[in-house]
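*Asks:* Shown below is the structure under consideration.
The values are calculated or read from the model by the stated rules, or taken from the named source; none is laboratory data. Everything numeric here is computed off the predicted structure, so don't read it as measured data. When we count neighbours, we look across all protein chains shown, and the Cβ atoms used for this are built from the backbone with ideal geometry, even at glycine. In case anyone asks, the SASA skips ligands and DNA or RNA and just uses the protein heavy atoms, side chains included. Shrake-Rupley method; radii C 1.70, N 1.55, O 1.52, S 1.80 Å.
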Amino acid sequence: MLQTMLSQEVMTKAAQRLMKLLPYKKHNDVIKRAWQLYRTGHVYNVTMEDNVLKGKVTDKGHTYEPSFRLKQAAGSSCTCTAVGLCPHNVALFLYAYNQIDAVGNLMRQWKEPVTKQKKAVNDEKRKDTQVKQQTVQQQKPNEKDESKVPNSANIIDAWWQSFEEKYRRIPLYDVTEEEHMRRLVQSFFPTFERPTSKAPFLDHLYYVHAALFTFIKLVHIPQKSWGYFAIMQERHVEQFSSTVQQALTNLAKKPRTKSHEQLLYATIPYVRNVLSGELTYFNQILDVYEIIWTTVLTDKTYRQEECKWAIEQLNKKQTVEEKIPFIAAASYVSFLLENDQQAYQLIEPFPYLATEHIVRFTHMSFAKKQIQRGVEWFHRLEQNVETYLYSLRISDREWFVQHVLSAYVQYSIATKKEQTERYEQLLQKLLPYSFYTYIDYLFDEQKWKKLTELYMLEKANVDMIHPFHLKAIEQADRSLVLPLYHQTIMHYIAQKNRSAYEQAIKHLRKLRAHYRALKQMPRWETYITKLAEQTKRLRAFQDLLQKGKFI
């Protein structure tokens, strides 16, 4: 959300003003402290309004609320009461700056003299330009003779060789996995300029290859098993995955020639390297692999060859872990080739893998107006929904439920069949993760008995039920709420403290009123006598029963 509100031009100018206000030599203590706060995740809840950044920064056990004026940095303030710009202001700005460019680049500019900055940038630009010029020179013969595919492969190989040479110059001695990733994302990749031209295909293809190279390096760095650094590693891969996908989306929009198609064909072996990354980044790897084959590598013969290759690879592998990336790849490309039977057979034995694929295939089919195809995928999803649900991690189950219900909505719209009974069965299979959606459905359908039973099943007490729902049930059939009150009273008694006992007494009064309205006072007397006997050892509760004249 913050990223969409920030202007590249405004942020760049703000950075220039900040560097003038705080020259690195004079204020390196403030800048280093700000850099440390930003890097270690102490900046959060950042928002922007009227070109003023606001957020929170924790520092040495205290939480401060700085505000940074993008167009008048000198007028920024902070609750730490420091005079002038403080580390919290600067850390806040660095957090926002990271949304539009790598903070590492900004820090280098800040440290280095202006002349040195310009020289370094010009050197990098000159090297990239030379590589691109060599590419163009190598490509020209292809425009006359399109059969010379090896030239295209040589061009791509030259690019990757230049990437590897530049990568080797990154200082990586004795750095952590997370720092390795940070340098790739914030220092290495930004040296490749994002294409500004709207038409040239080649510039965009070169940028995509640079992004792919960086992404492959990222997903081959093992992830820490737990802790802050593991979270940061996941975040680096997730965020850079979005960068690669955007670069691919931009490339797909560019007009291409037959010679460009040869370059794309030569790209395929490099795309396959994505699949060899760490399985801990499996979702991000699949996202990148799938968008390439969906938007850029659209030629049917390419896809047929890729599907054959992926199946050959999985047959060579010994363990399930080794097979999984190739099963996923073969299934997805089979779907793109509209070989749905093969796509399903590949993933069907692996519920965890099948969940996301089948949900996606269902959505994609309906989006393409392929109604019958979408219906068949939805039926596969519906038949196995419980198996798929419990194959997922708990943290992923709510996501799955929302997508299944969304798929049902697409199904009902596409087929023009709103089958309430079928929808209800689906909600039942997805419990407890569909609880709130099911509650709303039963209320809308005025199925009061089932609504009460669902609340009882989830051990909900009366205080957890929306008053509007409770009142509607009471008006429809007062007897339905009696079990809810019984359950609520026992819930509070079980807590064994006076405040909870008082809540139980409050609900006992309401329960007595319901029995009286139903003209079932004998049942009430039996109930309260039995309750008093069961709780005779709870003196505080017994006292409250006597004061309330229940016994």
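*Asks:* When the stretch 333-353 is examined, which residues are found to be in contact with a Phe, Trp or Tyr (Cβ under 7 Å, 6 or more places away or on another chain) and surrounded by 23 or more Cβ atoms within 10 Å (Cβ to Cβ)?
*Replies:* Val333, Phe335, Ala343
The rows are residues; the columns are (1) open to solvent by 40 Å² or more (accessible area, probe 1.4 Å); (2) in contact with a Lys or Arg (Cβ under 8 Å, 6 or more places away or on another chain); (3) among the hydroxyl-bearing types (Ser, Thr, Tyr); (4) more than 28 Å from Trp293 (Cβ to Cβ).
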residue: Asp174; (1), (2), (3), (4): yes, no, no, yes
residue: Glu179; (1), (2), (3), (4): no, no, no, yes
residue: Arg183; (1), (2), (3), (4): yes, no, no, yes
residue: Ala211; (1), (2), (3), (4): no, no, no, no
residue: Val219; (1), (2), (3), (4): no, no, no, no
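*Asks:* Taking the stretch 404-431, which residues are within 23 Å of the chain's Cα centre (by Cα) and open to solvent by 60 Å² or more (accessible area, probe 1.4 Å)?
*Replies:* Scanning the stretch 404-431 gives a single hit, Val409.
*Asks:* When the stretch 353-412 is examined, which residues are found to be in contact with a helix residue (DSSP H, G or I) (Cβ under 6 Å, 6 or more places away or on another chain) and assigned to a loop (DSSP other than H, G, I, E, B)?
*Replies:* Once the filter is applied, which keeps residues that are in contact with a helix residue (DSSP H, G or I) (Cβ under 6 Å, 6 or more places away or on another chain) and assigned to a loop (DSSP other than H, G, I, E, B), the stretch 353-412 yields only Leu392.
*Asks:* Another question, if that's okay. Which residue, of Tyr44, Tyr24, Tyr38, is over 16 Å from Phe68 (Cα atoms) and of a type in the set (Ser, Thr, Tyr)? Before the answer, list the steps.
*Replies:* Numbers: Tyr44 fails: over 16 Å from Phe68 (Cα atoms); Tyr38 fails: over 16 Å from Phe68 (Cα atoms).
From the options Tyr44, Tyr24, Tyr38, the qualifying one is Tyr24.
*Asks:* Answer yes if at least one residue in the stretch 523-538 is at pLDDT below 90, among the charged types (D, E, K, R) and at positive phi, and no otherwise.
*Replies:* Within the stretch 523-538, none of the residues are at pLDDT below 90, among the charged types (D, E, K, R) and at positive phi.
*Asks:* Kindly provide the set of residues from the stretch 13-27 that are touching a residue at least 60 places away in the same chain (Cβ under 8 Å) and open to solvent by 50 Å² or more (accessible area, probe 1.4 Å), ordered by number. Before the answer, list the steps.
*Replies:* From the stretch 13-27, those touching a residue at least 60 places away in the same chain (Cβ under 8 Å) are 14-15, 18-19, 21-22, 24; that's our starting set.
Within the stretch 13-27, Leu21 is the sole residue that qualifies.
*Asks:* Then there is this: Specify the residue that is farthest from Glu9 (Cα to Cα); the eligible residues are those in the stretch 63-92 that are in contact with a Gly (Cβ under 9 Å, 6 or more places away or on another chain) and surrounded by fewer than 20 Cβ atoms within 10 Å (Cβ to Cβ).
*Replies:* Glu65
*Asks:* If Val83 satisfies every condition in (1) at pLDDT below 85; (2) within 24 Å of the chain's Cα centre (by Cα) but one, which is the exception?
*Replies:* In the conditions (1) at pLDDT below 85; (2) within 24 Å of the chain's Cα centre (by Cα), Val83 misses (2) alone.
*Asks:* State whether one or more residues within the stretch 42-62 are open to solvent by less than 20 Å² (accessible area, probe 1.4 Å), in a helix (DSSP H, G or I) and at pLDDT 90 or above.
*Replies:* No, every residue in the stretch 42-62 fails to be open to solvent by less than 20 Å² (accessible area, probe 1.4 Å), in a helix (DSSP H, G or I) and at pLDDT 90 or above.
*Asks:* Another question, if that's okay. Say whether the condition of being β-branched (Val, Ile, Thr), open to solvent by less than 60 Å² (accessible area, probe 1.4 Å) and part of a loop (DSSP other than H, G, I, E, B) is met by at least one residue in the stretch 434-447. Spell out how you get there, then give the answer.
*Replies:* Taking the stretch 434-447 as the starting set, the residues that turn out to be β-branched (Val, Ile, Thr) are 437, 439.
So of that shortlist, the ones also open to solvent by less than 60 Å² (accessible area, probe 1.4 Å) come out as 437, 439.
Remaining after also requiring part of a loop (DSSP other than H, G, I, E, B): none.
Scanning the stretch 434-447 turns up no residue that is β-branched (Val, Ile, Thr), open to solvent by less than 60 Å² (accessible area, probe 1.4 Å) and part of a loop (DSSP other than H, G, I, E, B).
*Asks:* Please specify each residue of the stretch 292-349 satisfying the condition of being among the polar types (S, T, N, Q) and not in a loop (DSSP other than H, G, I, E, B).
*Replies:* Taking the stretch 292-349 first, the residues among the polar types (S, T, N, Q) are 294-295, 298, 301, 304, 313, 315, 318-319, 331, 334, 339, 341-342, 345.
Hits for the stretch 292-349 are Thr294, Thr295, Thr301, Gln304, Gln313, Asn315, Ser331, Ser334, Gln341, Gln342, Gln345.
*Asks:* Output the number of residues of the stretch 323-352 satisfying the condition of being at pLDDT 95 or above and among the basic types (Lys, Arg).
*Replies:* 0
*Asks:* Need a quick list: helices (runs of 4 or more DSSP H) entirely within the stretch 472-551 having at least 2 residues that are without any contact (Cβ under 8 Å) to a residue 40 or more places away in the chain and more than 46 Å from the chain's Cα centre (by Cα). Working first, answer last.
*Replies:* Details: elements: 482-493, 498-517, 521-534, 539-547.
Of the helices (runs of 4 or more DSSP H) lying wholly inside the stretch 472-551, those with at least 2 residues that are without any contact (Cβ under 8 Å) to a residue 40 or more places away in the chain and more than 46 Å from the chain's Cα centre (by Cα) span 498-517, 521-534, 539-547.
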